[in-house]
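Scroll down for the structure; my scribbles are underneath it.
The values are calculated or read from the model by the stated rules, or taken from the named source; none is laboratory data. Small disclaimer: the values here were computed from a predicted structure and weren't measured. Don't worry about glycine lacking a Cβ; one is built from the backbone with ideal geometry, like all the others, and counts go over all protein chains shown. Just the protein is used for accessible areas: all its heavy atoms, side chains included, with ligands, DNA and RNA removed. Shrake-Rupley method; radii C 1.70, N 1.55, O 1.52, S 1.80 Å.
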Amino acid sequence: MNSDTHSWAVGGPVTSPFARPAGVLGRLAGRFMLWTNKQDDVLDLLDVQPGDAVLEIGYGPGALVRLLSARTGAAQIRGVDPSPEMRRAASRTNRAAVREGRVVLGLGTAAETGEAGGSADRVVCVNNVALWPDLEAGVREVHRVLRPGGQAVIAWHGGSAPGRIARSLCLPEEQLERIEEALRGLFSAVERRQLRSLVAFTAVR
Ligand SMILES: C[S@@+](CC[C@H](N)C(=O)[O-])C[C@H]1O[C@@H](n2cnc3c(N)ncnc32)[C@H](O)[C@@H]1O
């Protein structure tokens, strides 16, 4: 697994405990994200159908995995994140579902998920696309793991009513366009949506 913390958006390394949570600060960052990141609108956009296999890239402390598991009829929710600290946190957040095998949380990155090609009906990434070392490699991997007709949602801080933190992390328009272009190169029906505190791209393989 590539453990590079270089960000294509920053054009250099990112050292924030939110970017690659580790140690005490990483644990605190995880708790903060679990407490603050309410992602119900992502769930609506993802439109999971009964029996679907869902992959989340960069699950952090596992708040969205918990929503997916409680509120959708997904048959299986799998996740990859490069942070062992977040794997522990998300496993705690989703203890029962992990024990039952409905939720499987692994280590991996957007560019190297380790998932089988065409295995996911839905792929979702929230607040980590700007942390990927190589945007295009991540988008290629999302395309590879989705089945034909499957849908991806890639979301980042922004939206119609972003809070202070989301406002400070918004990407400039040219970087949002670069994400859109990378998606348009491989997917169909690419759209940009403004959620409350996220800008989200939807794309169909
Ligand atoms: C700001 S947190 C967001 C966590 C979660 N998605 C949320 O919204 O609460 C960023 C997460 O992305 C993960 N991450 C960092 N680099 C990544 C990469 N190249 N591929 C996938 N995930 C990555 C980090 O380990 C961290 O858990």
- Message: Percent of Cα-Cα pairs more than 28 Å apart in region 6-204, please.
- Response: 17
- Relative contact order %, the chain, counting alpha carbon pairs below 8 Å whose residues are six or more apart: 19
- Item | Dimensionless Rg ratio for region 98-204, taking C-alpha atoms and the 2.2 N^0.38 Å reference | 1.09
- Accessible surface of the chain [probe 1.4 Å, protein heavy atoms]: carbon and sulfur percent: 52
- Query: Using 7 Å Cα-to-Cβ label points, what is the LYS38/VAL104 separation (nm, one decimal)?
  - Reply: 3.3
- Query: What does the charge dipole of region 6-204 about its Cα centre add up to, to the nearest 20 debye, if the Cβ of each Lys and Arg holds +1 and the Cβ of each Asp and Glu holds -1?
  - Reply: 860
- Task: Calculate, for region 84-159, the solvent-accessible area per residue in square angstrom, rolling a 1.4 angstrom probe over the heavy atoms of the protein chains.
- Result: 38
